[in-house]
Amino acid sequence: MSKITIGLFGFGVVGEGLCNVLAKVQMKEAVVKKICIRDGRKPRSLPRELFTDRPGDILDDPSINLVVELIDDAEAAYHVVRRALENGVPVVSGNKKMLAYHLEELIALQEARGVALLYDASACGSIPVIRNLEEYYDNDLLISVKGILNGSSNFILSKIFNENMEYGEALRMAQELGFAESDPTFDVEGYDSLFKLVIITVHAFGTYVHPDDLLTFGISKLGADDIRYAREKGVRVKLVAQVVKLGPDKFTMFVLPQLITRDKYIYSVEDEFNGVVIKGECYGKQFMFGKGAGGYPTGSSVLSDITARLHDYRYEYKKRHGATRFSYTDDCSFRLYLRYAREEDLALFPFESITERYWSDNYKYVIGHVRLADLVKIKEEIARRDVFIAAAPLN
Ligand code: HSE
């Protein structure tokens, strides 16, 4: 493709960020022809004639040869992306929720129509995780991908731990700075990290796992006692998404707060930054660090996908066609920190063994081994109870 004519959906933080990045690089080979927005009356920073509120002005325009989808609404995004791909028009998307729920079908559609869908901006903003997993880590040596994939929750945790800020105030700041989702529940309850993990896993191990089947627990119930406990032990609480190989053709994955010791790379990942640790046989650990949210960082990642289309790049999903077919398992156990208030809340958790226990009138916790499958079964109930859980260090 020598010249790209873009139809852009969405002009929020990332859509506007992309236009600013395009103006900065003064790229001649890619021009935005039309921008489809929901609210046509809102004042915009670009000439009025660029905007439309009719999707057909982009989807039915034969001169547009790349659709860039950066809208907030996952359902609307899905329809735009599907229609463009069905029409044979390549798409760049940043919508992690839409991708996490529809990637299996969208991969099939790409293969059936021979058309590309790129989405490096959907996971970790400016950090090129997806393309690296797809191209560089294309072998059997990969052991795990673990990291902080959500800037807002990490920003909130940093403000609480380093500046003693109240949770609500830190969340408001993350919203004002444009990191948080329009519904910040997605950030703080771990769903945003989970959606990114589902996408990453497709490129790490070649297998799609539906997000509803996975354990997710966020940071909204982190309390003053948990913070004091972490400080006393010299650890930090981070919201960690992880996919880990178990045996020759199995992996497990989940999103949980984790008590992180000082010797871990992600211990020092602060504020809205993301950090991803890729571990493999023969090469040990590699660490990728950078801005995972915000208009310019994410806009620059979208630009990278646009540039990739100039070279007709597409994901080949090589691991989906590889000799080893990996599948997800929750048949594994790990050490869990549980802070609870009532004995019936503790009884909900089927610990295999307990290694540490403390109780006073106001603060009670246990640390012990628990099976992931048992936690997955009770995940809705855990969300309803007055408890905080975190993966504990292995010692
Ligand atoms: N709300 C997301 C975050 C934006 O905080 O990381 C980037 O995906």
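The values are calculated or read from the model by the stated rules, or taken from the named source; none is laboratory data. Not measured: the values here are computed from a predicted model. Note: ideal-geometry Cβ built from the backbone for every residue, glycine included; neighbour counts use all protein chains shown. Just the protein is used for accessible areas: all its heavy atoms, side chains included, with ligands, DNA and RNA removed. Shrake-Rupley method; radii C 1.70, N 1.55, O 1.52, S 1.80 Å.
Things worth noting here:
- Filter result for Tyr265 (in contact (Cβ under 8 Å) with a residue 40 or more places away in the chain and either outside the structural domain of Val366 (by TED's automatic domain parsing) or in contact with a strand residue (DSSP E or B) (Cβ under 6 Å, 6 or more places away or on another chain) (or both)): no
- Any hit, the stretch 282-289, residues being crowded, with 17+ Cβ neighbours inside 10 Å and not in a helix (DSSP H, G or I): yes
- Applying the criterion of at least 2 residues that are open to solvent by less than 10 Å² (accessible area, probe 1.4 Å) and more than 16 Å from the ligand (Cβ to nearest atom) to the helices (runs of 4 or more DSSP H) found wholly in the stretch 149-268 leaves 191-204, 224-233.
For (1) closer than 19 Å to Val13 by Cα; (2) away from the ligand (no atom under 16 Å from the Cβ); (3) open to solvent by 50 Å² or more (accessible area, probe 1.4 Å), each residue gets a yes or a no:
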| site | (1), (2), (3) |
| --- | --- |
| Ser45 | yes, yes, yes |
| Thr52 | yes, yes, no |
| Pro55 | no, yes, yes |
| Ile58 | no, yes, no |
| Pro62 | no, yes, yes |
| Tyr78 | no, yes, no |
| Arg83 | no, yes, yes |
| Leu106 | no, yes, no |
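- For Phe11, the requirement of being out of contact with any Ser or Thr (no Cβ under 8 Å at 6 or more places or on another chain), surrounded by 21 or more Cβ atoms within 10 Å (Cβ to Cβ) and not basic (Lys, Arg) is met.
- Condition check for Lys96: charged (D, E, K, R) and under 30 Å from Gly284 (Cα atoms): yes
- Of all residues in the stretch 130-157, those that are touching a residue at least 60 places away in the same chain (Cβ under 8 Å) have Cβ atoms under 6 Å from Cβ atoms of residues that are among the polar types (S, T, N, Q) and more than 16 Å from the ligand (Cβ to nearest atom), 6 or more apart or on another chain, in Lys146/Gln242.
- Selection from the stretch 319-347 of residues that are of a type in the set (A, V, I, L, M) and surrounded by fewer than 16 Cβ atoms within 10 Å (Cβ to Cβ): Ala323, Ala341, Ala347
- Hits in the stretch 317-334 - residues which are over 22 Å from the mean Cα position of the chain (by Cα), closer than 16 Å to Glu134 by Cβ and of a type in the set (Lys, Arg): none
- Filter result for Asp374 (part of a loop (DSSP other than H, G, I, E, B) and not polar (S, T, N, Q)): no
- Just one residue in the set Arg325, Arg314, Arg339, Arg309 is away from the ligand (no atom under 16 Å from the Cβ), within 29 Å of Asn154 (Cα to Cα) and among the basic types (Lys, Arg); that residue is Arg339.
- If you filter the stretch 129-148 down to residues that are surrounded by 19 or more Cβ atoms within 10 Å (Cβ to Cβ) and under 15 Å from the mean Cα position of the chain (by Cα), you find that the one that is nearest to the ligand (Cβ to nearest atom) is Ile148.
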